[in-house]
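J.: Next up is a structure, given as structure tokens.
The values are calculated or read from the model by the stated rules, or taken from the named source; none is laboratory data. In this text, all values refer to a predicted model and were calculated from it rather than measured experimentally. A quick note on method: Cβ atoms are made from the backbone with ideal geometry, for glycine too, and the neighbour counts reach across all protein chains shown.
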Amino acid sequence: NAGVTQTPKFQVLKTGQSMTLQCAQDMNHEYMSWYRQDPGMGLRLIHYSVGAGITDQGEVPNGYNVSRSTTEDFPLRLLSAAPSQTSVYFCASRRGSSQPQHFGDGTRLSIL
Amino acid sequence: AQKVTQAQTEISVVEKEDVTLDCVYETRDTTYYLFWYKQPPSGELVFLIRRNSFDEQNEISGRYSWNFQKSTSSFNFTITASQVVDSAVYFCALSEDSTGGFKTIFGAGTRLFVKA
């Protein structure tokens with residue numbers, strides 16, 4: 001069972017570069033989310049989706065875009081990378097608002 | 001607005017001690033869900049428990065127990081007879097069932113060190 005798959009696992013970017021973090025789930029979950037984890041700040045919600053074609057902003061959306069064209073995929077785009085976006089990024093999915101999150105293994109991103 | 005506060009940044013105990021991790025939440029919803037997750041040093045996030053706002057019964061699972069009190073907006077987690085394998089970061093989370101959104105918000109986490 002794959003669950004939630006994130007790629008890549010590690011990435012180093014230069015300031016100003018753009019990239020897309022991929023997230024795919026095979027559990028047919030409607031709800032998907034992106035979080036960033038920084039020391040001492042826990043997991044902060046970037047963007048989330050409650051179904052294909054429906055996305056909304058979380059706590060820290062600036063500098064990131066998302067789209068949800070299919071139930072399975074929820075990519076996160078960094079438009080112009082900044083050192084402040086150095087973090088560990090987690091994608092998560094769940095069946096409904098009352099259900100626990102299933103997390104991917106994370107992407108460790110460094111912006112130089 | 002949703003908020004989850006885990007005031008304890010780090011806790012250090014000696015093996016076999018009991019330890020309680022605190023979680024205080026804020027919500028305007030009457031229907032909401034509370035969760036605890038564990039993040040061991042390997043980095044993955046593991047779901048431990050879910051509680052809904054209508055169920056204030058405490059729960060025990062082996063050495064783990066949870067105390068949910070709506071009157072104080074708290075959902076505390078106790079580990080009895082701690083073990084080295086309990087060393088991890090523990091996150092409390094809140095999910096609201098409102099038309100304003102279906103977000104899950106996490107606390108900042110409590111890092112637990114259990115020394116042998």
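J.: So which pairs qualify, if the first residue must be in region B:102-113 and within 7 Å of chain A (Cβ to nearest Cβ) and without any contact (Cβ under 8 Å) to a residue 60 or more places away in the chain, the second must be polar (S, T, N, Q) and surrounded by fewer than 21 Cβ atoms within 10 Å (Cβ to Cβ), the Cβ gap must be under 7 Å, and the two must be at least 6 apart or on different chains?
T.: Listed by first residue and then by second, the contacts come to B:Phe102/A:Ser97.
J.: Turning to a different aspect of this structure: Any chance you could count how many residues in region B:38-47 are buried (at least 16 other Cβ atoms within 10 Å of the Cβ) and without any contact (Cβ under 8 Å) to a residue 60 or more places away in the chain? Please lay out each step first, then the result.
T.: As a first pass, look at region B:38-47 and keep what is buried (at least 16 other Cβ atoms within 10 Å of the Cβ): B:38-39, B:45, B:47.
In the following step, the residues that additionally are without any contact (Cβ under 8 Å) to a residue 60 or more places away in the chain were identified as B:38, B:45, B:47.
Total meeting the criteria: 3.
J.: Of the numbered conditions (1) within 14 Å of another protein chain (Cβ to nearest Cβ); (2) free of Cβ contacts under 8 Å to residues at least 60 places away in the same chain; (3) of a type in the set (Asp, Glu); (4) in contact with a strand residue (DSSP E or B) (Cβ under 6 Å, 6 or more places away or on another chain), B:Glu59 fails exactly one; give the number of that condition.
T.: B:Glu59 satisfies every listed condition except (1).
J.: For region B:74-90, indicate whether the set of residues that are within 14 Å of B:Lys3 (Cα to Cα) and either part of a loop (DSSP other than H, G, I, E, B) or within 9 Å of another protein chain (Cβ to nearest Cβ) (or both) is non-empty. It would help to see each step written out before you state the result.
T.: Initially, region B:74-90 is screened for residues within 14 Å of B:Lys3 (Cα to Cα), giving B:74-75.
Cutting the leftovers down to either part of a loop (DSSP other than H, G, I, E, B) or within 9 Å of another protein chain (Cβ to nearest Cβ) (or both) gives us none.
No, because not a single residue in region B:74-90 is within 14 Å of B:Lys3 (Cα to Cα) and either part of a loop (DSSP other than H, G, I, E, B) or within 9 Å of another protein chain (Cβ to nearest Cβ) (or both).
J.: Something else about it: Tell me the residue from B:Val14, B:Val19 that is surrounded by fewer than 17 Cβ atoms within 10 Å (Cβ to Cβ), of a type in the set (A, V, I, L, M) and over 22 Å from A:Ser97 (Cβ atoms), please. Show your work before the answer.
T.: Details: B:Val19 fails: surrounded by fewer than 17 Cβ atoms within 10 Å (Cβ to Cβ).
Residue meeting the stated conditions: B:Val14.
J.: Every residue in region A:30-67 that is part of a loop (DSSP other than H, G, I, E, B), at pLDDT 95 or above and touching a His at 6+ places or on another chain (Cβ under 8 Å), please.
T.: Within region A:30-67, just A:Pro61 meets the criteria.
J.: Something else about it: Scan region B:91-116 residue by residue and report those that are of a type outside the set (Phe, Trp, Tyr) and not in a strand (DSSP E or B).
T.: To start, the set of residues in region B:91-116 that are of a type outside the set (Phe, Trp, Tyr) comprises B:92-101, B:103-105, B:107-112, B:114-116.
Within region B:91-116, B:Asp97, B:Thr99, B:Gly100, B:Lys103, B:Gly107, B:Ala108, B:Gly109, B:Ala116 qualify.
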